[in-house]
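Asker: One structure coming up, written as structure tokens, with questions to follow.
The values are calculated or read from the model by the stated rules, or taken from the named source; none is laboratory data. Since the structure is predicted, the reported quantities are computational estimates derived from the model, not experimental observations. Methodologically, a virtual Cβ is constructed for each residue, glycine included, from the backbone with ideal geometry; neighbour enumeration extends over all protein chains shown. Accessible surface areas use protein heavy atoms only, side chains included; no ligands, DNA or RNA. Shrake-Rupley method; radii C 1.70, N 1.55, O 1.52, S 1.80 Å.
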Amino acid sequence: MNIVLFGPPAAGKGTQSEKLAKELNNFKISTGDLLRSEVKKNSSLGKKIKVLIDKGELVPDSIINSVVENLLADKKYFNKMIFDGYPRNLNQAKHLDVTIKKHKQKITCVFSLTVNLDTIIKRITGRQVCSNCKLTFNKFFNPSTLDNHKCDSKFLEKRVDDTEDTVKSRYDTYSKETAPIIEYYKNQKILYEINGMGDISMIYKEIHHIISSLHT
Ligand code: AP5
Ligand code: MG
């Protein structure tokens, strides 16, 4: 099944997608991660993307939509996609609907994670991402330990866009451009609103329970 997770910065999209992808043997498709790897290449496209990410603005739909279209056309990902941070506005949501139909698939469910701005800032301050295995941790809420992480702590990095200023701008972008998609998916009757303020494992349980109850 194909699943969409969306929510403001630090809502837990990446954390929950990692867990789902592992358990369902699906693929986490994070447009943020894909864009950051283009930035790392220091290509001319990467340089343009970096300016927008640093300002907390969205990258043009044309770039994102074509990346996603290529993935949807790839048999490896057929009905096995967990979208983390895509779609991000109404235009992307409509494009996804058209493209996914073209490739004889559908979105089974959409999870909207809600979190308040104070929590977002605290989470952003503590976030650490492993540059080796790509797993996400948090100094305060979900520290890397010998039990949950096999790589050396030297690989733990802070994201360059994890500053208080950028996160406030990302939050504004979310409120203006992404939140309106909630109605779009409510109308399709595939939206599930999840309180993202709870414990990571409790939120996962809730999402998992909903997925298990769906007959696809
Ligand atoms: P993206 O990388 O998607 O950033 P974001 O939406 O701001 O979301 P984050 O990755 O910051 O948060 P998350 O919800 O994944 O939280 P996480 O699980 O890591 O996008 C970055 C930029 O790329 C955008 O600003 C834009 O410029 C561009 N972009 C991306 N997609 C685009 C698109 N489709 N179109 C156009 N532009 C696009 O958790 C955060 C922290 O909190 C972690 O440390 C985690 O351990 C911790 N945590 C998670 N859950 C909990 C919990 N329940 N309790 C306590 N701690 C928790
Ligand atoms: Mg993320």
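Asker: In segment 1-101, what percent of the accessible surface is made up of carbon and sulfur (1.4 Å probe, ligands and nucleic acids excluded)?
Answerer: Values: 2620 of 4690 Å².
Here carbon and sulfur together make up 56 percent of the probe-accessible area.
Asker: Given Cβ point charges of +1 (Lys, Arg) and -1 (Asp, Glu) and nothing else, what value in debye, to the nearest 20, does the dipole of the chain about its Cα centre take? Working shown, then result.
Answerer: Details: 35 positive and 25 negative charges, 122 e Å.
The dipole magnitude comes to about 580 debye.
Asker: If you don't mind, another one. Rounded, prolate or oblate: which one fits segment 120-216, using the alpha carbon gyration tensor with axes a ≥ b ≥ c (rounded when a/c is under 1.5, else prolate when a/b beats b/c, else oblate)? Let's see the in-between values first.
Answerer: On the way: a/c = 2.53, a/b = 1.35, b/c = 1.88.
It is oblate, given that a/c is not under 1.5 and a/b is not larger than b/c.
Asker: While we're on this one: Using helices alone, what [θ] at 222 nm do you get for the chain, with -39,500 (n - 2.57) per DSSP H run of 4 or more residues, divided over all residues and rounded to the nearest 500?
Answerer: -14000 deg cm²/dmol
Asker: Mind ordering 97-103, 55-61, 86-92 by average Cβ neighbours within 10 Å, highest first?
Answerer: On the way: 97-103: 14.0, 55-61: 16.3, 86-92: 19.9.
Per-residue Cβ counts within 10 Å, averaged per peptide and sorted highest first, yield 86-92, 55-61, 97-103.
Asker: Moving on to the next point. At a 1.4 Å probe radius, which order do SER43, SER17, SER175 fall into by accessible area, largest first?
Answerer: Working: SER43 35, SER17 0, SER175 60 Å².
Per-residue accessible area, sorted high to low, gives SER175, SER43, SER17.
Asker: Hey, which aspartates and glutamates would be in cross-link range of LYS104, C-alpha to C-alpha under 15 Å, not counting anything within fewer than 8 residues on its own chain?
Answerer: Filter leaves GLU69, ASP74.
Asker: Right, next: Just to verify a number: what accessible area does ASP84 come out at with the full protein assembly present, 1.4 Å probe, Å² rounded to tens?
Answerer: 20
Asker: Relative contact order, percent, of the chain when contacts are C-alpha pairs under 8 Å separated by at least 6 residues? Don't skip to the end; give the middle numbers.
Answerer: Working: 305 pairs, mean separation 66.4, N = 216.
After rounding, I find 31 percent.
Asker: Please identify the longest segment of the chain free of exposed chymotrypsin sites (Phe, Trp or Tyr not before Pro), where exposed means a DSSP state other than H, G, I, E or B and no more than 16 other Cβ atoms within 10 Å. Working shown, then result.
Answerer: Working: sites that count: PHE78, PHE140, PHE141.
Answer from the scan: 1-77.
Asker: Still on this structure, I have one more. Could you look at segment 110-216 and say what percent of its accessible area is carbon and sulfur, using a 1.4 Å probe and all protein chains? Intermediate results must be reported in sequence, preceding the final value.
Answerer: On the way: 3420 of 6470 Å².
Within segment 110-216, the accessible surface is 53 percent carbon and sulfur.
Asker: Please state the shape class of segment 13-124: rounded when a/c is under 1.5, otherwise prolate if a/b exceeds b/c and oblate if not, all from the C-alpha gyration tensor.
Answerer: Values: a/c = 1.59, a/b = 1.15, b/c = 1.38.
Oblate shape, in that a/c is at least 1.5 and b/c is the bigger or equal ratio.
Asker: Between rounded, prolate and oblate, where does the chain land on the alpha carbon gyration tensor, with a ≥ b ≥ c its root eigenvalues, rounded for a/c under 1.5, else prolate if a/b exceeds b/c? Please list the in-between numbers first.
Answerer: On the way: a/c = 1.35, a/b = 1.16, b/c = 1.16.
Here the chain falls in the rounded category.
Asker: Using the heavy atoms of the protein chains alone and a 1.4 angstrom probe, what is the accessible area of the chain per residue in square angstrom? Can you show the working numbers first?
Answerer: On the way: 11670 Å² over 216 residues.
On a per-residue basis, 54 Å².
Asker: Lysines near LYS55 by alpha-carbon distance under 18 Å, same-chain residues fewer than 8 away left out - which ones?
Answerer: LYS40, LYS47, LYS158, LYS168, LYS176
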